[in-house]
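Comments concern the structure below.
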Amino acid sequence: MSLVVGCGGDAPHGTVNRVIDTAQPTGADDRPPPPLPLPRGGTGARRGPLAPPRPGAAGGRLRRRLLAALVAAALAVPVAGAARPEAVPAPVPPPLPPLRAVTAASLAERFAATRGAIEAAMRTARAAGHPWRAAMLRTMADPARHFLSFDGRDGGRAAEVFGDLATADRIAVVVPGSGTGLDTYGLLRAGSMRLQRATGGRGAVVAWLGYRTPSTVSLQALTPGRADEAVPALRAFVRDLARLKPAARISLLCHSYGGVLCGRAAPGLNVADIVLYGSPGAGVDDVAAMGTRAAVWAARGTGDWVADLPHAAVRLPFATVGLGEDPMDPRFGARIFAAGDGGHSDYLKDGSPALANIARIVSGHAPAEVSHVS
């Protein structure tokens, strides 16, 4: 099995912000969704992630509020969709041979192959009249950058390495949340670079944009559907890393909706830590339901609007609405660490308590824990 980022459907996603790898770009995750009549905190007694609330006034209120969120998102979808441009065309990337070993020579060969795929996408974007995407892809094709995989279609897929993967004994895989694509990739890249520096440069960080993320204000952002679609790709990627680097300590770092993907993909993964930060849920009821031997951590900044989202899951005839229990709720069972007073996109900013603590977790050290819900 190769370290390849899987591709989704044909529809575009995300809002185009025309960001070209700035230090702190503005992505869809930076803005809170429109105000909704949503509850805070946990849901009460533990239940499976798909079970409806138990009968009673509290359960009825929660169900009505979740349905109100669904209706509000449904009304917002046409507006958000109207603002999105047509999908930027990109060629089908050539198949990549599987990595048999992680050595300087094998990685150089892989990076050269993905650079060729990026350059092909750049030429296609330019020919189709999308100079801003072509310019962004030109920066990604810089020989100093290292991509394990790339696919420019459907908003984009990529896995970029920061640090020396061949010699690293600590590897962090950063899984982004809603609204992330090639047009908002700068935020993911900048945070991954800062994390790699915060570890003292001894480990490697992989920015894994390997799935079709939902738009921040959309029906998909309220359901685990996009996460479930991406589970096989994330599991394959992490298992390949564990096979190729059996002595390395691997941590899965999951921001925002990425926490739902990590929670659903967790069973059986050979990772040391799963870190949920700024996550509205993990798509499961609690840590035990994740089926993992990894240490599960959670953090949320006091300025993060995700705290105001619903923390439950309700099975409806046409979909499951909600993303499960709040990872910050004591009943969820995660180890809580300090994240400071930052907002939703501030966790990997220089000087933030969240960045310092996540770097410590990746390095195998205990973070500064807190005993209360942030």
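The values are calculated or read from the model by the stated rules, or taken from the named source; none is laboratory data. Not measured: the values here are computed from a predicted model. Methodologically, a virtual Cβ is constructed for each residue, glycine included, from the backbone with ideal geometry; neighbour enumeration extends over all protein chains shown.
A compact table of results
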{"item": "Only listed residue being surrounded by fewer than 18 Cβ atoms within 10 Å (Cβ to Cβ), of a type outside the set (Phe, Trp, Tyr) and in contact (Cβ under 8 Å) with a residue 12 or more places away in the chain, chosen from Ala242, Ala230", "result": "Ala242"}
{"item": "Single match in Arg226, Arg239, Arg194 (criterion: closer than 23 Å to Gly268 by Cβ, of a type in the set (D, E, K, R) and modelled with pLDDT of 95 or more)", "result": "Arg239"}
{"item": "Residue among Ser251, Ser218 that is at pLDDT below 95 and either touching a strand residue (DSSP E or B) at 6+ places or on another chain (Cβ under 6 Å) or of a type in the set (Ser, Thr, Tyr) (or both)", "result": "Ser218"}
{"item": "Search result, residues across region 286-300 that are small (Gly, Ala, Ser) and surrounded by fewer than 24 Cβ atoms within 10 Å (Cβ to Cβ)", "result": "Ala288, Ala289, Gly291, Ala294, Ala295"}
{"item": "Cβ-Cβ under 8 Å pairs, at least 6 apart or on other chains, region 347-361 side at pLDDT 95 or above, far side buried (at least 19 other Cβ atoms within 10 Å of the Cβ) and basic (Lys, Arg)", "result": "Leu348/Arg194; Lys349/Arg194; Asp350/Arg194; Leu355/Arg194"}
{"item": "Unmet criterion (only one of (1) β-branched (Val, Ile, Thr); (2) more than 18 Å from Gly210 (Cβ to Cβ); (3) in contact (Cβ under 8 Å) with a residue 40 or more places away in the chain) for Thr167", "result": "(3)"}
{"item": "Selected residue (criterion: nearest to the chain's Cα centre (by Cα)) from residues of region 199-221 that are over 19 Å from Gly181 (Cβ atoms) and of a type outside the set (Ser, Thr, Tyr)", "result": "Val205"}
{"item": "Some residue of region 198-213 being touching a residue at least 60 places away in the same chain (Cβ under 8 Å), surrounded by fewer than 24 Cβ atoms within 10 Å (Cβ to Cβ) and in contact with a strand residue (DSSP E or B) (Cβ under 7 Å, 6 or more places away or on another chain)", "result": "yes"}
{"item": "Every residue from region 280-310 that is touching a residue at least 60 places away in the same chain (Cβ under 8 Å) and either within 16 Å of Pro224 (Cβ to Cβ) or in a helix (DSSP H, G or I) (or both)", "result": "Gly283, Val284, Asp285, Asp286, Ala289, Trp305, Ala307, Asp308, Leu309, Pro310"}
{"item": "Flag for Val275 being part of a helix (DSSP H, G or I), within 24 Å of Thr167 (Cα to Cα) and touching a strand residue (DSSP E or B) at 6+ places or on another chain (Cβ under 8 Å)", "result": "no"}
